[in-house]
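A.B. asks: Before I ask anything, here is the structure I am working with.
Throughout, read-outs are computed from the coordinates displayed, never taken from laboratory work. The structure presented is a predicted model; accordingly, all values stated were derived computationally and were not measured. Cβ atoms come from the backbone with ideal geometry, glycine included; neighbour counts cover every protein chain shown.
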Amino acid sequence: MQFQVNEERLIGELKTLAGFTGIEPSAIGIAVTRVVFTEDDLRARAWLKELAEAAGFGVREDAVGNTFIRWVGAKPELSAVGTGSHVDAIPHAGMYDGTVGVLGGLEAMRALKESGFKPLRSIELLLLTSEEPTRFGIGCLGSRLISGVLDVKRADALVDASGSTLAEVREAAGFRGSLIDVRLPADFYHAWVELHIEQGPLLEREGLTIGIVTDIAAPAGYRFTISGFGGHAGALLMPDRRDALCAAAELILSIERHALAANAASGGVDTVATVGTCEVYPGAVNGVPSRVTLQVDVRDTDPVRREDVMRAVRADCDALRLKRGVEIEETMVNADDPTQSSPHIIRVIEEVCEELEIATKKMVSRAYHDSLFIAQLAPVAMIFIPCRNGVSHRPDEYASDADIVRGTKVLAATLGRLASEPEGTA
Ligand code: GLV
Ligand code: MN
Ligand code: MN
């Protein structure tokens, strides 16, 4: 298969996409914030649809805004080959997370098309809605709904910080209809491949340029609300206090302690736990905090070990309730299983890389991706490219043009092979 990835077009488009953000001065890189269904997100979507249509691909959107960009194959009745990722970005993030998979996917399809390649199966690029949990507290909204992992009533009732529900926000953004229709049938995709930056340091450290993801670690999210007793910072005497923020501080350290202990026990580094937000009420310098809400992210390659960490944290909560006279309420937002890539797709990527004389590394993804949920309905795999110093979710996130182009080339060749597989291929 002979085809040419257009580097200038691809890198130019990545830079254009990075401009769909509020102005954010950053001394360390190009800062991008693109929260789902904000004006910047909607502008980015409209622009991507124009690119897809200009390239001659069909575009369809579902009720949650997942956008399907389809190149119809010679046998459209066969299940398609899918690729894609997300364009939303957490606050003050970089310009490569997700976007490399979306624009790299588009470029891969265009490069194949321009070479005269004719796919047997349709090839479809997906822009998946809200991979990031920033607005509604739960990540991979679009891919969860596609695979039926998230109850549609619960999804529509999710609220953002301003109290608006997903149902209201998606409707205002122009995405109407029942979320039930977002779910895709189990045979919709023959195979799915997502291109993404590694978001960790291993490829760079080992001097390699392509990673093949074998497993995606299992994420879980929790919300803890700690209620104490507020009052005047001068007048409320120390012996009478039930300070919710002091209790939250102990809880945060408990979470860190148990994640570290899990790693010490396993001799590994697979358990990670983060308290990423802390909302303090009333949030005044001279007011004793009466209520605190924490958002907690815990991940592990082993979901049993992840649950053991949470059990230990809950025991500490019991002790904290007694010691500090506070209420602690826990809500589980999500607790997902890990997934494994398809050995067949891994093999196809390996063959492509052998042909292109690219050394590869098989690796675990510790970040989650939409592929974790697409795996519920299709065989999946992921292609990783290095990112500088392993940095991601920061403005100084960076992947080199050469690595982006190489990853896109590998993706294109992989999609080309998978889309040539006749009926009955595993
Ligand atoms: C995705 O952005 C993740 O948090 O892993
Ligand atoms: Mn991300
Ligand atoms: Mn991502």
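A.B. asks: When only Cα pairs under 8 Å and 6 or more residues apart are kept, what is the percent relative contact order across region 219-335?
C.D. replies: After rounding, I find 44 percent.
A.B. asks: Calculate the dipole size of region 219-335 relative to its Cα centre from +1 charges on Lys and Arg beta carbons and -1 charges on Asp and Glu beta carbons; express the result in debye to the nearest 20.
C.D. replies: With Lys and Arg at +1 and Asp and Glu at -1, about 240 debye.
A.B. asks: Let me ask something else. Of Gly139, Gly56, Gly105, which is the most mobile in a GNM of the chain whose springs link Cα atoms less than 10 angstrom apart?
C.D. replies: Maximum fluctuation in the GNM of the chain, among the listed residues, is at Gly56.
A.B. asks: Could you state the angle between the C-alpha long axis of helix 401-419 and the longest principal axis of the C-alpha atoms of the chain, as a value from 0 to 90 degrees rounded to the nearest 10?
C.D. replies: Taking the Cα atoms of the chain, the angle to 401-419 is about 60 degrees.
A.B. asks: Compute log10 of I(q)/I(0) for region 41-93 with the Debye formula, placing one identical point scatterer on every Cα and leaving out solvent, at q = 0.17, 0.25 Å⁻¹, to two decimals.
C.D. replies: For region 41-93, the Cα-only Debye profile gives -0.64, -1.13.
A.B. asks: Rule-of-thumb check for region 219-335: C-alpha Rg over 2.2 N^0.38 Å?
C.D. replies: Dividing the Cα radius of gyration by 2.2 N^0.38 Å gives 1.13.
A.B. asks: If only Cα atoms are counted, what is the Rg of region 1-92, and what is its Dmax, in Å?
C.D. replies: According to the Cα coordinates of region 1-92, Rg and Dmax are 15.6, 51 Å.
A.B. asks: Using Cα-Cα distances under 8 Å and only pairs 6 or more residues apart, what relative contact order does region 332-410 have, in percent?
C.D. replies: Relative contact order here is 30 percent.
A.B. asks: Okay, next question. Could you give each residue of region 251-257 its phi-based ³J(HN,Hα) in whole Hz, using Karplus coefficients 6.51, -1.76, 1.60 with θ = phi - 60°, and x for Gly or Pro?
C.D. replies: In residue order, the calculated couplings are 5, 4, 5, 5, 4, 5, 4 Hz.
A.B. asks: Taking neighbour counts of Cβ atoms within 10 Å as a proxy for exposure, in what order, fewest first, do Ile180, Ile383 appear?
C.D. replies: By the 10 Å Cβ count, ascending, the order reads Ile180, Ile383.
A.B. asks: Ok, one more. Mind checking which lysines have their C-alpha under 28 Å from Lys75, skipping anything on the same chain fewer than 8 residues away?
C.D. replies: Lys49, Lys113, Lys118, Lys409
A.B. asks: Relative contact order for region 369-419: what percent, with Cα pairs under 8 Å and sequence separation of 6 or more?
C.D. replies: Worked out over region 369-419, it gives 26 percent.
A.B. asks: Grab the other residues whose beta carbon is less than 15 angstrom from that of Pro303, score K and R as +1, D and E as -1, and report the net.
C.D. replies: -4
A.B. asks: How large are Rg and Dmax for the chain when calculated on the C-alpha trace, in angstrom?
C.D. replies: Rg and Dmax of the chain, Cα atoms, are 22.7, 78 Å.
A.B. asks: Same structure, new question: On average over all directions, what projected area in square nanometres does region 124-192 have, based on the convex hull of its Cα atoms?
C.D. replies: If I average the Cα hull's projected area over directions, I get 4.9 nm².
A.B. asks: Hey, what angle do you get for helix 343-355 against the long axis of the chain, alpha-carbon based, 0 to 90 degrees rounded to 10?
C.D. replies: Its long axis makes an angle of about 60 degrees.
A.B. asks: Quickly estimate the mean residue ellipticity at 222 nm for the chain, helices only: each DSSP H run with n ≥ 4 gives -39500 (n - 2.57), and the total goes over all residues, rounded to 500.
C.D. replies: -11000 deg cm²/dmol
A.B. asks: Follow-up. Averaged over all directions, how much area does the convex hull of the C-alpha atoms of region 338-426 cover when projected, in nm²?
C.D. replies: With the hull built on Cα positions only, its mean projection is 6.6 nm².
A.B. asks: Further question: Mind ordering 115-127, 86-98, 252-264 by average Cβ neighbours within 10 Å, highest first?
C.D. replies: For the peptides 115-127, 86-98, 252-264, the packing ranking is 86-98, 115-127, 252-264.
A.B. asks: Relative to the longest principal axis of the chain, what angle (0 to 90°, nearest 10) does the C-alpha long axis of helix 99-114 take?
C.D. replies: Value to nearest ten degrees: 10.
A.B. asks: Using the Karplus curve 6.51 cos²θ - 1.76 cosθ + 1.60 with θ = phi - 60°, work out ³J(HN,Hα) for each residue of region 296-303 in order, rounded to whole Hz, and write x for Gly and Pro.
C.D. replies: Calculated HN-Hα couplings, in order: 10, 10, 10, 9, 7, 6, 10, x Hz.
A.B. asks: For region 315-399, which GluC sites (Glu not before Pro) are in a loop by DSSP, counting at most 15 other Cβ atoms within 10 Å?
C.D. replies: When the GluC sites (Glu not before Pro) of region 315-399 are filtered for loop state and at most 15 Cβ neighbours within 10 Å, Glu357 remain.
A.B. asks: Which order do the peptides 278-286, 218-226, 106-114 take when ranked by the mean count of other beta-carbon atoms within 10 Å per residue, highest first?
C.D. replies: 106-114, 218-226, 278-286
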